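Visitor: Okay, here's the structure, questions in a sec.
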């Protein structure tokens, strides 16, 4: 293949090195390996931007404005089933799964809902080799989310759905009977679904990736918020209003520390955790199993290896994408904004890209954002009282204090305008408008903004 001089220069500038010194995980020109590509016309790049499950948009961008695409880091993935077998046979702490289940009369699996990428069905495939899955019950840890759709049930349980359906219950934080187990130092009253409390064997299936205010998903989150009462979730999530509650941070993070303290009430409960770290293509990278907290600590190290991505410098424009299934609504998609902010220069523009296919989600946070055109006033109002969802408004308002917050969604543009989010129909329109403010601005694209946390270094 013959490349022009300009093409050679572009290729050399954008190809990603696999060395330790690599900063940007950039898809090089001519590469089709990951299903996205760049093409060039008159020194402009044509970038493919995923939009929803199957749709895509295109962005034509002058190459001098392109700072790179970032993804979770590439890691070497082995045989998924072998990795699962290893973890189940040799947990980081405690007995093997078979030993753990011995004598169990009421076995309950706590599994993630369909808004998480957790490959629960793959874990069930491995477990089916070791036990009769119909001898257990399955509690979906929705937290305060809605119950799964039929498609999400199929995503969670795969081929096992029909035979397990009579044994599956989706947690309702508002309606399910919950048992009071105790109170944390911060006053969080630990009310947990009685199905989990009454089980004599609990197995947790979860995934571990960055979380914008709890530090990381997984581990203790299966209980709080996973199967906790709404009152409990609200008391804990109030702590997310604090600046210390942020992605990749556990020590000193008030939300995480409150979860850990609240979870002391189940310290005597027999719990076997299966915690998964995925790669950027949602293949199983690592599995840690056994003791809830020990396996979580190990999984966090792997998650940090994948999802914390170093960049050379911040950009004036950041496009942060909430990919399927994290694009379910604005409430969930906000995570892409919060992660993307770490790559944004002060005074810059952040553009969230998310279908928001089911609308707003919890509308309490949007109502708060709509109270004033001044984000500082929004933060002042939020400080007076807390209701579940207000932390989302606070995190968005905090960004709006020092940057422009824009969005490409399927939502009613008027709703976004009222919330001081500038709406756009396409990524192209949004980026063009941002470049009109600053023609020399660099554009950085966070392709998996819901879980990729950029850090300068």
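The values are calculated or read from the model by the stated rules, or taken from the named source; none is laboratory data. Everything numeric in this text was worked out from a predicted model, so none of it was measured. Cβ placement follows ideal geometry from the backbone for every residue including glycine, while neighbour counts extend to all protein chains displayed.
Visitor: Select from region 438-457 the residues that are farther than 30 Å from residue 116 by Cβ and in contact with a strand residue (DSSP E or B) (Cβ under 7 Å, 6 or more places away or on another chain) and write down the one among them that is surrounded by the fewest Cβ atoms within 10 Å (Cβ to Cβ). Lay out the reasoning, then the answer.
Guide: Step one: of region 438-457, the residues farther than 30 Å from residue 116 by Cβ are 438-442.
Within this subset, residues satisfying the condition of being in contact with a strand residue (DSSP E or B) (Cβ under 7 Å, 6 or more places away or on another chain) are 438, 441-442.
Working: 438: 14, 441: 18, 442: 18.
The extreme case among them is 438.
Visitor: Sticking with this structure for a sec: Taking residue 75 and the conditions (1) within 23 Å of residue 194 (Cα to Cα); (2) assigned to a loop (DSSP other than H, G, I, E, B), which numbered condition does it fall short on, given that it satisfies the others?
Guide: (1)
Visitor: Scan 247, 229 and give me the residue that is in contact with a strand residue (DSSP E or B) (Cβ under 9 Å, 6 or more places away or on another chain), outside the structural domain of residue 335 (by TED's automatic domain parsing), more than 28 Å from residue 177 (Cα to Cα) and touching a residue at least 40 places away in the same chain (Cβ under 8 Å).
Guide: Details: 229 fails: more than 28 Å from residue 177 (Cα to Cα).
Result of the check over 247, 229: 247.
Visitor: Follow-up. Hey, which of the strands (runs of 3 or more DSSP E) in region 277-367, taking only ones fully inside, have at least 1 residues that are within 30 Å of residue 90 (Cβ to Cβ) and within 15 Å of the chain's Cα centre (by Cα)? It would help to see each step written out before you state the result.
Guide: Working: elements: 284-290, 308-311, 315-321, 344-353.
Strands (runs of 3 or more DSSP E) meeting the threshold: 308-311.
Visitor: Right, next: Just one of 440, 432 is assigned to a helix (DSSP H, G or I), more than 23 Å from the chain's Cα centre (by Cα) and modelled with pLDDT of 95 or more; which is it? Please lay out each step first, then the result.
Guide: Working: 440 fails: assigned to a helix (DSSP H, G or I).
Just a single option satisfies the conditions, and that option is 432.
Visitor: Can you pull out the residues in region 89-137 that are touching a strand residue (DSSP E or B) at 6+ places or on another chain (Cβ under 8 Å) and under 23 Å from residue 328 (Cα atoms)?
Guide: Correct list: 110, 111, 112, 113, 116, 117, 118, 119, 120, 122.
Visitor: Could I ask something else about it? Quick check on region 377-384. Is at least one of its residues buried (at least 18 other Cβ atoms within 10 Å of the Cβ) and within 17 Å of residue 351 (Cβ to Cβ)? Reasoning before the result, please.
Guide: Taking region 377-384 and keeping what is buried (at least 18 other Cβ atoms within 10 Å of the Cβ), we get 378-379, 382.
Next, from what is left, pick out any that are within 17 Å of residue 351 (Cβ to Cβ): none.
Checking region 377-384: not a single residue is buried (at least 18 other Cβ atoms within 10 Å of the Cβ) and within 17 Å of residue 351 (Cβ to Cβ).
Visitor: For region 122-133, indicate whether the set of residues that are in contact (Cβ under 8 Å) with a residue 12 or more places away in the chain, surrounded by 18 or more Cβ atoms within 10 Å (Cβ to Cβ) and assigned to a strand (DSSP E or B) is non-empty.
Guide: No, region 122-133 has no match at all.
Visitor: Any chance region 206-214 includes a residue that's in contact with a helix residue (DSSP H, G or I) (Cβ under 6 Å, 6 or more places away or on another chain), closer than 20 Å to residue 101 by Cβ and assigned by TED's automatic domain parsing to the domain that holds residue 249? Working first, answer last.
Guide: The first filter runs over region 206-214 and keeps only residues in contact with a helix residue (DSSP H, G or I) (Cβ under 6 Å, 6 or more places away or on another chain), leaving 206, 208-210, 212-214.
Subsequent filtering for residues that are closer than 20 Å to residue 101 by Cβ retains 206.
Among the residues that remain, those that are also assigned by TED's automatic domain parsing to the domain that holds residue 249 are: 206.
The answer is yes, given that some residue of region 206-214 is in contact with a helix residue (DSSP H, G or I) (Cβ under 6 Å, 6 or more places away or on another chain), closer than 20 Å to residue 101 by Cβ and assigned by TED's automatic domain parsing to the domain that holds residue 249.
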